[in-house]
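Structure record follows, encoded as structure tokens.
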Amino acid sequence: MLLLGMTYYLTPSFDLFSLIPFIFPILGALVLAVLSDEVLEKFSLIKKCVSLSEMSKFKEADVILNKILESHPKDFFANYFKANLLSEFGEYNEMLELLDQLLEEKLNEEQKDDSLNLKVSALLGLGRYDEAEDIVEDILEENPDNEYALYYEVGILLITGYKSESIDYYKDSLKIVNEKLLKHQSIIKKIRISTDNRNRILFSLWLLKGSIQIRLHQYSEALESCDEALKINPNYYMSWNANAWVHAKLGEYDEALKCVNKSLELYPENAPASDTKGYILAESGNLQEALQYYEKAVEKDPLNEEICYHKGKAHQKFQQHTEALKCYNKILELNPNCEYAKKARDEVLKVMKN
């Protein structure tokens, strides 16, 4: 929700703290041969939820999922999926409560790591960075090659002002993603068929690779990765949002607008695309319309300091210093240690003083 004026320090158009796309081990984990009718029905409903989510139809998926949870309140996959949906809706407190309950259950190692990564996403969405950092460190201590934990570690470093240290984490994460892409592509070649579940894994890895390349300012390479993700699933809104951001960074604003409009068409409520569109319009010189989209993004995700930062940068670009200062002060109220907001605030104060 991948989420981001990349000329600056972060990438809000990717919604950094909810970038675990819908990769569910659901379909590969259930063995159909020996299942009861009740479990088969649950499997069928979960499969439908997954398909709806892959088409960015989250509200429809949520209706079905709630029915599943009425009958199977302890089901791991249903609860894990529910937590993902709550992330899409920006309901981080409810998401955190659900994940805490889920983590009290007996989980295997993979389920525990996936749930903890989602918990990190919820905590970051609430601005609880120290708690998120503690969990990331625990995950990486057990599994140093967990690409999502590495990705979150970078986000925490950026937000708390350690930009230079983040580069090595990006490179490590990119190396791991490349290795996993080669592994899964090799498996598909060997079995000569691409299964739905394998495609979901590849989709997630390509999208994650693109987001890392964006953060490393490798925009042409990022476009290739994002295009690969779109080939697998052209109906997930974050893929279009990622492409919009890359095209904007390459100065291709017309193409960027087409992509971000597609993202908003698929999921109108998503704050990252509103933020991205605001950035594209501001860079194109259309401040008033840009600010309208920034306001929409803030309304959808009021605690997102990155969106507020971009709004401030738009005001600053057009020399509206008082409004820019309000944005940076709001960020520092949410996160007093935010180094990039401090730097931007000091720039504005210096101009206003002169």
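The values are calculated or read from the model by the stated rules, or taken from the named source; none is laboratory data. None of these values were measured; they are calculated from a predicted model. Cβ: placed from backbone, ideal geometry, glycine included. Neighbour counts: every protein chain shown. Accessible surface is based on the protein model in full, side chains and every heavy atom, while ligands, DNA and RNA are left aside. Shrake-Rupley method; radii C 1.70, N 1.55, O 1.52, S 1.80 Å.
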Selection within the range 332-349 - of a type outside the set (Asp, Glu) and part of a helix (DSSP H, G or I):
332, 334, 340, 341, 342, 343, 344, 345, 348, 349
Selection count where residues are closer than 14 Å to residue 90 by Cβ, hydrophobic (A, V, I, L, M, F, W, C) and open to solvent by 10 Å² or more (accessible area, probe 1.4 Å), scope the range 298-327
2
Collect the residues in the range 216-242 that are outside any loop (DSSP other than H, G, I, E, B) and open to solvent by less than 10 Å² (accessible area, probe 1.4 Å), keeping them in residue-number order.
222, 225, 226, 229, 237, 238, 239, 241, 242
Inspect all residues belonging to the range 75-91 and state whether any of them is among the acidic types (Asp, Glu) and surrounded by fewer than 14 Cβ atoms within 10 Å (Cβ to Cβ).
no
Among the residues that make up the range 266-286, is at least one of them in a helix (DSSP H, G or I) and open to solvent by 60 Å² or more (accessible area, probe 1.4 Å)?
no
Please work out if residue 80 is in contact with a helix residue (DSSP H, G or I) (Cβ under 7 Å, 6 or more places away or on another chain), among the hydroxyl-bearing types (Ser, Thr, Tyr) and at pLDDT 80 or above.
yes
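So that you can scan it fast, the table gives a plain yes or no per residue for (1) of a type outside the set (D, E, K, R); (2) more than 21 Å from residue 264 (Cα to Cα):
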site	(1), (2)
288	yes, no
292	yes, no
296	no, no
304	yes, no
308	yes, no
313	no, yes
321	yes, yes
328	yes, yes
Going by the conditions given, is residue 130 at pLDDT below 90 and not in a helix (DSSP H, G or I)?
no
